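Structure record follows, encoded as structure tokens.
Values in this text are rule-based calculations from the coordinates and carry no lab data. Treat the numbers as computed from the prediction; the structure is a model and nothing was measured. With ideal geometry, Cβ positions are generated from the backbone for all residues, glycine too; neighbour counts draw on all protein chains shown.
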Amino acid sequence: MIYLIVMLQILAGIFIVGGIFFFVAATVGVIRMPDPYNRAHTAGKGDSTGFLLSLIGVWFYWLTINPIRSLKILMIIIFMMFANPIAVHAILRFCYKTKVPWVEGTTMHLLKDREKESTNLEE
Amino acid sequence: MIELDFLLKLAILVLFCTIFFCLYRAVLGPTTADRIIGINVVGTKAVTAFVFLAAIFQKESYLDIAMLYAMLVYVTTIAFVKYLEQRDLGD
């Protein structure tokens, strides 16, 4: 039993350190990236992954203290796993619809053909 | 047990440093989308800090606050984006 507790705590430490690493990476991206599309991309991926890893680590820690009440953390994880990517997707959709200019040197524009159709539909 | 407590406190310190740097983007962002991204990132990190605090003090009532705050951040982002995109919140 004591080996299980020690194993869970070591796993918790590894997961929390990984999550903090992803949070720091997301912050560097948010500060240094050149335009809102790149910033939202970094924020979405780094934040979601860091949040997931940190909370899984804390969940392992709670399992050693109080296993039943740790289910609340699972609820937060499941909610944020859906909520955060949807929020970032909505932000990017807002950027695209209001025609925020992107950085010089962007080569791919996959929605170029669909742009005319959508404007026709809206009119 | 003691080492993990120290790790959690260090993690909260690092999280608050990164929150400060994200507030820079939220205050000085050139476009509106940058500000919304900054607020979203700050909210996610605040939720994580709440969960870490719950693990340090071993009080599960903090987890309720974290859950509520996660919902609040999500609704705030969606409402801002929808209003700025359509000039109307719909139903």
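Selection among B:VAL73, B:ILE56, B:GLY38 by position relative to the dipole of chain B gives B:GLY38 as farthest towards the positive end (Cβ unit charges, Cα centre).
Helices meeting the span-like rule in chain A (full DSSP H runs, Cα extent of at least 15 Å along the helix axis, mean Kyte-Doolittle score of 0.5 or higher): A:2-32, A:71-97. Binning the C-alpha pair distances of the protein assembly as shown at 5 Å intervals from 0 yields a P(r) profile of 1, 7, 15, 18, 17, 13, 10, 7, 5, 3, 2, 1, 0, 0 %, listed from the shortest bin outward. Here A:LYS99 is the anchor, and the lysines within straight C-alpha reach of less than 18 Å, apart from those fewer than 8 places off in the same chain, are A:LYS112, A:LYS116, B:LYS82. Of the three principal axes defined by the Cα atoms of chain B, the extents in descending order read 52, 30, 11 Å. Computed with the Debye formula from one identical point scatterer per Cα of chain A, without solvent, the log10 of I(q)/I(0) at q = 0.10, 0.14, 0.20, 0.21 Å⁻¹ comes to -0.47, -0.74, -1.10, -1.16. For chain A, the mean residue ellipticity at 222 nm estimated from helices alone is -28500 deg cm²/dmol, where every DSSP H run of n ≥ 4 contributes -39500 (n - 2.57) and the total is divided by all residues, rounded to the nearest 500. Bridging of A:LYS45 to lysines at a Cα separation below 18 Å is possible for B:LYS45, once same-chain residues fewer than 8 apart are set aside.
Taking other Cβ atoms within 10 Å as a rough exposure proxy, A:TRP102, A:TRP59 sort from fewest to most as A:TRP102, A:TRP59. So, how do all the Cα-to-Cα distances of segment A:1-56 break down into 10 Å bins, in percent, from 0 on up? Each 10 Å bin holds this share of Cα pairs: 27, 36, 21, 11, 4, 0.
For segment A:1-27 versus segment A:89-116, the spacing of their alpha-carbon centroids is 37 Å.
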